[in-house]
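First comes the structure, then the notes that go with it.
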Amino acid sequence: MLASIIKTSIKSIILAAVGMLYSLQLQAHGGLSLADDMCKLTVGPYTMHFTGYQPESAQEQEFCEDIPMTGRTIVALDYINEELRPMTTEVRIIQDIGTEENLDEITVLHVPPKVYSNGSVTFEHYFPEQGKFVGLVTVKGEGVEYVSRFPFAVGTGGKSNMPYIIG
């Protein structure tokens, strides 16, 4: 009887340890695989991987939705489809005021169209205050143009990694 209890306890401890190690691995990689990648940006029939960083406020934390804090923000868009490499990519961040008329007046960042043959577009912007914005990524090729429009907020605070650790 005692041997059975010890055996069950050891199994439980091993199972708990493996579960904790697995949850730490999920946290370290954001819990994402390419198939379940929540940080995908669809531009027409193509896909880019979106990653944002805020080196001064959350050095090791990546984000792909709302920007947790105001301040310096670095964004990387990595092409998943090779077909994007010869095309031009333009990035624009605008204030979300409900209309996109007078685009130049509401633009807070503009990365002019350029061919990124290395497959990676990176840019940096300083967000001085909280607010709602819209990102516009435009890809142009021979006779085609695709625009991806994604709203986001700045200064919403970071999402906790505690659910991954507890899970």
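The values are calculated or read from the model by the stated rules, or taken from the named source; none is laboratory data. Remember, it's a predicted structure, so these values are computed and weren't measured experimentally. Backbone-built Cβ (ideal geometry, glycine too); neighbour counts: all protein chains shown. The protein model used for the area step is the full one, side chains on, heavy atoms only, and it has no ligands, DNA or RNA in it. Shrake-Rupley method; radii C 1.70, N 1.55, O 1.52, S 1.80 Å.
Put a dot 7 Å past each Cα toward the Cβ at Glu60 and Phe123; how far apart are the dots in nm?
Result: 3.0 nm between the two label points.
With a 10 Å radius around each residue's Cβ, average the other Cβ atoms per peptide and rank 43-53, 94-104, highest first.
For the peptides 43-53, 94-104, the packing ranking is 43-53, 94-104.
Suppose we keep just the alpha-carbon trace of the stretch 30-154; what are its Rg and Dmax in angstrom?
14.4, 42
Just how far, in whole angstrom, is the stretch 105-155 from the stretch 80-99 if you go by their alpha carbon centroids?
5 Å
I'd like the carbon and sulfur percentage of the solvent accessible area for the stretch 58-107, probe radius 1.4 Å, heavy atoms only, ligands and nucleic acids excluded.
41 percent
Please give the per residue accessible area of the stretch 30-154, computed with a probe of 1.4 Å over protein heavy atoms only, in Å².
In whole numbers, the stretch 30-154 has 56 Å² accessible per residue.
Once the Cβ-Cβ distance between Val115 and Thr156 is put in as r, and R0 is 35 Å, what FRET efficiency do you end up with, to the nearest 0.05?
Calculated value: 0.55.
Pop the C-beta distance of Thr51 and Val134 into the FRET formula with R0 = 30 Å and round what comes out to the nearest 0.05.
0.95
Do you know the relative contact order of the stretch 30-154, to the nearest whole percent, from alpha carbon pairs under 8 angstrom that are 6+ apart?
It rounds to 27 percent for the stretch 30-154.
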